[in-house]
Amino acid sequence: MSFAIFESLFGSKSRARLIRFFILNPEVEYSSADVAEKTLLPRPEVSRELMRLKKMGFVKESSRKRVKRYQMHPTFPFFPELKSLVSKSNVNVPSQMFQKLRMVGEVKLILVSGLFLNHPKSKADMILVINNAHRSKLQGVIAKLEAEIGRDVRFVLMDAEDLHYRLNMLDRFLIEFLEGPYQEVTNRIPELKRFISGLKK
């Protein structure tokens, strides 16, 4: 299922983003300001959608220190089905979302796993190899990606020199990542393919 189809099912991009957000963070309470910050949606729009979601029993409302807080309702009857839809849509994240990473430096490698492949055992969702990475721009791009996905993205950033060092040292984290399911978004490091072929022998 693509992101576009998921959004069409729920009538608006904002509602779809909120549903995705609460499905992926079911045990946490958020104020409307928290939700707006995490999803990068206008606060008035978030407030309106939260009222709709509350009326249908999707979220429950509580109050702490005079601040209303919202959480995924644990007894919402369609939670398992919606969680399955969210997982499937995250597996089909449009590649153009990752292309925004090109603006943060010289991108050599983007590998995805974890939430992007519905593989919860992975210790990272992305491995990024970027030379001369602009840290503040990277934070901005990751924040936008997290807003679209609905959850914090666990990523590892390194440059090409660091990657080569880790490969030569047979870095355990890197090997475990490469031995599990992952997908290449960008790969401009030819020797990595030879290294991976060696792991499979």
**OP:** Identify, from the list Phe173, Phe177, Phe116, the residue that is closer than 28 Å to Ala16 by Cβ and of a type in the set (A, V, I, L, M, F, W, C).
**Re:** Phe116
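Conditions (1) touching a Ser or Thr at 6+ places or on another chain (Cβ under 8 Å); (2) assigned to a helix (DSSP H, G or I); (3) closer than 30 Å to Leu138 by Cβ; (4) aliphatic (A, V, I, L, M), marked per residue:
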residue: Glu27; (1), (2), (3), (4): no, no, yes, no
residue: Ala33; (1), (2), (3), (4): no, yes, yes, yes
residue: Arg52; (1), (2), (3), (4): no, yes, no, no
residue: Phe76; (1), (2), (3), (4): no, no, no, no
residue: Glu81; (1), (2), (3), (4): no, yes, no, no
residue: Phe98; (1), (2), (3), (4): yes, yes, yes, no
residue: Ile110; (1), (2), (3), (4): yes, no, yes, yes
residue: Pro120; (1), (2), (3), (4): no, no, yes, no
**OP:** Kindly provide the set of residues from the stretch 126-163 that are within 20 Å of Glu191 (Cα to Cα) and of a type in the set (A, V, I, L, M, F, W, C), ordered by number.
**Re:** Met126, Ile127, Leu128, Val129, Ile130, Val156, Leu157, Met158, Ala160, Leu163
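Okay, residues lined up against (1) in a loop (DSSP other than H, G, I, E, B); (2) among the β-branched types (Val, Ile, Thr):
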| position | (1), (2) |
| --- | --- |
| Ala124 | yes, no |
| Ala133 | yes, no |
| Asp152 | yes, no |
| Phe173 | no, no |
| Val185 | no, yes |
| Phe195 | no, no |
Subject >> Subset of the stretch 176-197 that is loosely packed, with under 12 Cβ neighbours inside 10 Å and touching a helix residue (DSSP H, G or I) at 6+ places or on another chain (Cβ under 8 Å) - its residue that is farthest from Leu101 (Cα to Cα) >> reply: Glu179
Subject >> Index of the failed condition, Lys88 passing every other in (1) crowded, with 17+ Cβ neighbours inside 10 Å; (2) modelled with pLDDT under 85; (3) of a type in the set (D, E, K, R) >> reply: (1)
Original post:
Could you say which residue among Ser84, Ser122 is assigned by TED's automatic domain parsing to the domain that holds Arg15 and either closer than 26 Å to Ala16 by Cβ or out of contact with any Leu (no Cβ under 8 Å at 6 or more places or on another chain) (or both)?
Top reply: Ser84
Original post:
For the stretch 53-82, what are the residues that are surrounded by 14 or more Cβ atoms within 10 Å (Cβ to Cβ) and among the basic types (Lys, Arg)?
Top reply: Lys54, Lys60, Lys68, Arg69
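The values are calculated or read from the model by the stated rules, or taken from the named source; none is laboratory data. Since this is a predicted model, take the numbers as computed values, not measurements. Ideal geometry is used to build each Cβ from the backbone, glycine not excepted, and the neighbour counts take in all protein chains shown.
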